[in-house]
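One structure below.
The values are calculated or read from the model by the stated rules, or taken from the named source; none is laboratory data. Here the structure is a predicted model, which is why all the values come from computation and not from measurement. Cβ atoms come from the backbone with ideal geometry, glycine included; neighbour counts cover every protein chain shown. We work out accessible area using only protein heavy atoms, side chains counted, and drop any ligands, DNA or RNA first. Shrake-Rupley method; radii C 1.70, N 1.55, O 1.52, S 1.80 Å.
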Amino acid sequence: IWREDLHKSALVRGSSLTVIDRLTDLARWALPEATIEEIQNCFHLGALLILKIQKGDKYLGDFTLFLGEDDPVPDTRILEIYGDQVALVLEKHGLERALQEKTTKLENVLKGTNAGTWEWNVQTGETTYDDRYLEIVGYTREELSPIDIHTWKNLAHPEDLVRSDEAVRKVLEGEQEYYAIECRMKHKDGHWIWV
């Protein structure tokens, strides 16, 4: 996403597509008129089309299409469709970049707190542990394979399992927004650790 050219914006006045007859009308504020005429003649330029790239009211940028002296103005509907597609690509790119930034921040928080994590897909039963979690409970991934929700339940202290099941139920039924519980897990060496 780039900064809007205020001189160009004054020419387009809110339109998504603007036709400008000569390069002089676009560039006279930036270049001497003689230079503009030389460029115009050297490249046999005709009209210029400025297409705003925007998503709703948000200006994302624009592009300028230079036509040759004898080139007809293309179907503006096609150009507007193209502009809409460019806007979608720019928006997608922005969302992907924001997601990557948030993912990186989350990874940094987890790494900085030295926390271990596990995930449980309630629908499929698939459960994954990160390396730090495995390190905390003293096992290798191979020692716990195949890993599923029963792996976690087998390591959990029986008294804490009751509280954990209740906390899961509350989340699944919408009584709580997220699952958070401290419980004891059986370390590979046989002692209980709090997680």
Counting only helical runs of four or more DSSP H residues, what would the 222 nm mean residue ellipticity of the chain come to if each run contributes -39,500 (n - 2.57) and the total is spread over all its residues? -14500 deg cm²/dmol
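Provide the net charge surrounding Y139, with neighbours chosen by a C-beta distance below 14 Å and charges set as Lys +1, Arg +1, Asp -1, Glu -1.
On the way: positive: R132, R141, K186, K188; negative: D130, D131, E135, E142, E143, D189.
Local net charge: -2.
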Under 19 Å Cα to Cα from K186, which aspartates and glutamates show up? Leave out anything in the same chain fewer than 8 places away. E119, D130, D131, E135, E142, E143, D148, E159, D160, D165
Note to self: with every protein chain in place and a 1.4 Å probe, the chain gives an accessible area per residue in Å² of 69 Å²
For K111, the lysines lying under 22 Å Cα to Cα, once residues fewer than eight places off in the same chain are dropped, come out as K102
Any idea how far apart I193 and L106 come out in nm if each label point goes 7 Å out from Cα toward Cβ? 2.4 nm
When a/c is below 1.5 the answer is rounded, else prolate if a/b is larger than b/c, else oblate, so apply that to the chain with a ≥ b ≥ c taken from the square roots of the Cα gyration tensor eigenvalues. prolate
Helix 33-42 versus the longest principal axis of the chain: what is the Cα-based angle in degrees, 0 to 90, to the nearest 10? 90 degrees
Would you mind checking the tilt of helix 158-172 against the longest principal axis of the Cα atoms of the chain, expressed as 0 to 90 degrees and rounded to 10? 30 degrees
So the carbon and sulfur contribution to the accessible area of the chain, 1.4 Å probe, in percent, is 54 percent
Site E38, offset 7 angstrom along Cα→Cβ, radius 14 Å on amide nitrogen, limited to the range 44-87, gives none
Positive-end residue of Y59, L144, L48, charge dipole of the range 1-148 with Cβ unit charges: Y59
